[in-house]
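Working notes, beginning with the structure itself.
The values are calculated or read from the model by the stated rules, or taken from the named source; none is laboratory data. As the structure is a computational prediction, the values presented were derived from the model and not from experiment. Quick reminder, even Gly has a Cβ in these numbers, built from the backbone with ideal geometry, and neighbours come from all protein chains shown.
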Amino acid sequence: MQGNQTNLQDKLLKLDNANYKAYKEIRGSYQFENFVLIIDHVQADPFAAPSQLRIIIPQTVGNFPKQLYKSISREIALRDYLARQFAQAADRISFTRGIGKSGLITIAPLGQEILARTSVYINAQQLEVRFVVGLPARGRSILGRQAAELLCQDLPKIVATSLLYSSLNPVDIQRQIETNEDADWLREQLPSKNLVAFIANGAILPRRSGIDARPLLDAVPFKSPVSLQVQFNCPNRRIIEGMGIPAGISLIVGGGYHGKSTLLKAIELGIYNHLPGDGREFVVTNPQGVKIRAEDGRSIAGVDISPFINHLPQGRSTSNFSTTNASGSTSQAANIIEALEAGAQLLLIDEDTSATNFTIRDRRMQALIAKEKEPITPYIDKVRQLYTDYQVSSILVMGGSGDYFEVADKIIALENYVPQDVTKQAKAIALEHPIHRNPEGGTHFGKITPRTPLIDNINTSRGKREVKLKSRGVEQITLGMEEIDLTAVEQIIDRGQLKAIALAIVYAKENYHQQQLTMREILQRIKQDITTSGLNIIGNAHQGDLVMFRPLELASALNRLRSLQIKQLSE
């Protein structure tokens, strides 16, 4: 222990008006009345990334009952709750004290989802909170008095109001924990009822705007059609009813603006748990569900897209296909094959973001352009084989074509956000108005060829820096000299996930080099290492801004690395 609260205050007051770099003298640990403050990293100047600090509160002070974190699900929910309480308390107290980030106290940003984060940890011995502070300055000079107020007066108030069980609302804590626990339980129960998704009655699916993920006010609550209604007996909430979407092929239809894409978006994000009051608390999806879309211009490295694309002009191979500028249909085919390689069990497809020539090819076009002159086998001719051969389900939004009526197991129509089971009507229409398409997909889906990424060849350096990483929002990673565009990977929802994915790529390069692991093996190894040792194993031991990600999104990032080199196992 380096000192106590008084020692820190005296240091800061003595540093008043000193050069900003003198702040580095305060690094270390300080015993406060109810907690230990650890200053791990001090920023270089007022405009640099804020300083990194930690608070450790012994459970003799925090007094959080063990039942609140007795399982992984409960622990994640409690950690998320405490991070939000700290953020709210800090927001109420902190204010600008000088230039740049001076006076800032904050924790890694939080959205509507309950996620495993490195910002808060709790066990039977202690509570640890990781946050950042903008140390006050005027120009290049330290504002010592303001810094002392910030760390020695304001911070203890934040701790007292947000991190002690006696200061918090036990009803709110229990509600969040039980909501998270029930959502996890529901997701685990889906296979027992042969479901890939469940949407609870009363759920609020629309969001306020494209940049505001809170529930839309006065939205129509979700109500399942009787024929698709299922019931669960949850551990906490007990009886819950709603619409179950069965494994197989499901179609979502309806007029424009009636809620088709909104429903699919909710299903897409049903891989995550949501806050109480979000409206999507009990919308759960197979955890291996993946949103698939066209992605013009992306790179593809050594993917066997032959199940969908064959006999290209000039005789180019599609069993080991690479390009730096994929078309819409080619990119969508590659996205599917890569997702299957990474372990996807459910594909989610919206016609609005799909390549038309990849999703459908009607009878008239078949008559005009013979199959031997069309390299693309549309999804409609592979969707059944995909389920039969690999048990991978599909949910498609399709408002502009009835061709999928024949291949769909369930057809759900939305009218004013209210779903109806129209499977029988749609099948009757298909019989009454046959389309006489020629199936072009063959008997089987085709093989999914494993690939080995040559991770030793990934260059993470930039200039003299051995490892250079940067992330921008939830859309882009800079890895060394290369940018990875993840704009089309819609299930990355937190910037902390992107930071963690970037670190995971570096971790794989440093720990699995020369092992010739397949893509699936790399993903499994990283997942196991994180499960065993925690998310911080891939980064700084005390980094507080990382968020758990799925192996599927890690695969998406690796596959979009333009310098990626691949070896197929068949080679």
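For residue 315, indicate whether it is in contact with a helix residue (DSSP H, G or I) (Cβ under 7 Å, 6 or more places away or on another chain) and on the phi > 0 side of the Ramachandran plot. Considered against the rule, which asks whether it is in contact with a helix residue (DSSP H, G or I) (Cβ under 7 Å, 6 or more places away or on another chain) and on the phi > 0 side of the Ramachandran plot, residue 315 comes out as no.
When the stretch 132-158 is examined, which residues are found to be among the β-branched types (Val, Ile, Thr) and in contact with an Asp or Glu (Cβ under 9 Å, 6 or more places away or on another chain)?
The answer is 132, 142.
Tell me yes or no: at least one residue of the stretch 418-439 is among the aliphatic types (A, V, I, L, M), within 22 Å of residue 197 (Cα to Cα) and in contact with a strand residue (DSSP E or B) (Cβ under 8 Å, 6 or more places away or on another chain).
Checked against the condition, which is being among the aliphatic types (A, V, I, L, M), within 22 Å of residue 197 (Cα to Cα) and in contact with a strand residue (DSSP E or B) (Cβ under 8 Å, 6 or more places away or on another chain), the stretch 418-439 yields at least one hit.
Counting only residues that are aliphatic (A, V, I, L, M) and more than 14 Å from residue 281 (Cα to Cα), which one in the stretch 185-213 is surrounded by the most Cβ atoms within 10 Å (Cβ to Cβ)? So, considering only residues that are aliphatic (A, V, I, L, M) and more than 14 Å from residue 281 (Cα to Cα), the one surrounded by the most Cβ atoms within 10 Å (Cβ to Cβ) is 196. Among the conditions (1) of a type outside the set (Val, Ile, Thr); (2) under 36 Å from the mean Cα position of the chain (by Cα); (3) closer than 21 Å to residue 153 by Cβ; (4) crowded, with 16+ Cβ neighbours inside 10 Å, residue 27 misses just one, which is (4). In the stretch 493-521, the residues that are aromatic (Phe, Trp, Tyr) form Cβ pairs under 6 Å with partners that are in a helix (DSSP H, G or I), at six or more places apart or across chains, as follows: 507/538.
Suppose the filter is closer than 18 Å to residue 471 by Cβ and either in the same structural domain as residue 456 (by TED's automatic domain parsing) or surrounded by 15 or more Cβ atoms within 10 Å (Cβ to Cβ) (or both); does residue 545 pass it?
yes
Of all the residues in the stretch 32-55, those that are crowded, with 18+ Cβ neighbours inside 10 Å and either in contact with a Phe, Trp or Tyr (Cβ under 7 Å, 6 or more places away or on another chain) or in a loop (DSSP other than H, G, I, E, B) (or both) number 9.
Residue 460 meets all of the listed conditions (1) buried (at least 16 other Cβ atoms within 10 Å of the Cβ); (2) touching a residue at least 60 places away in the same chain (Cβ under 8 Å); (3) touching a helix residue (DSSP H, G or I) at 6+ places or on another chain (Cβ under 7 Å); (4) part of a loop (DSSP other than H, G, I, E, B) but one, namely (2). Out of the residues in the stretch 474-503 meeting the condition of being of a type in the set (S, T, N, Q) and within 9 Å of the chain's Cα centre (by Cα), tell me which one is nearest to residue 295 (Cα to Cα). Looking at the filtered set, the residue picked out is 491. Considering the stretch 350-455, the qualifying strands (runs of 3 or more DSSP E), each wholly inside and each with 2 or more residues that are closer than 21 Å to residue 263 by Cβ and not assigned by TED's automatic domain parsing to the domain that holds residue 514, run over 393-397, 410-415, 418-421. Checked against the criterion of being of a type in the set (A, V, I, L, M, F, W, C), closer than 25 Å to residue 17 by Cβ, assigned by TED's automatic domain parsing to the domain that holds residue 49 and outside any strand (DSSP E or B), the stretch 109-132 contains not a single residue that satisfies it.
Please state which one of 188, 181 is within 20 Å of the chain's Cα centre (by Cα) and free of Cβ contacts under 8 Å to residues at least 12 places away in the same chain.
Testing whether each residue is within 20 Å of the chain's Cα centre (by Cα) and free of Cβ contacts under 8 Å to residues at least 12 places away in the same chain leaves just 188.
If you go through the stretch 109-123 one residue at a time, do you hit one that is under 30 Å from residue 266 (Cβ atoms), surrounded by fewer than 21 Cβ atoms within 10 Å (Cβ to Cβ), among the charged types (D, E, K, R) and free of Cβ contacts under 8 Å to residues at least 24 places away in the same chain? Within the stretch 109-123, none of the residues are under 30 Å from residue 266 (Cβ atoms), surrounded by fewer than 21 Cβ atoms within 10 Å (Cβ to Cβ), among the charged types (D, E, K, R) and free of Cβ contacts under 8 Å to residues at least 24 places away in the same chain. Taken over the stretch 270-311, the residue count meeting the criterion of being surrounded by fewer than 20 Cβ atoms within 10 Å (Cβ to Cβ) and closer than 22 Å to residue 232 by Cβ is 4. Out of 102, 73, one residue alone is buried (at least 16 other Cβ atoms within 10 Å of the Cβ), outside any helix (DSSP H, G or I) and of a type in the set (S, T, N, Q). It is 102.
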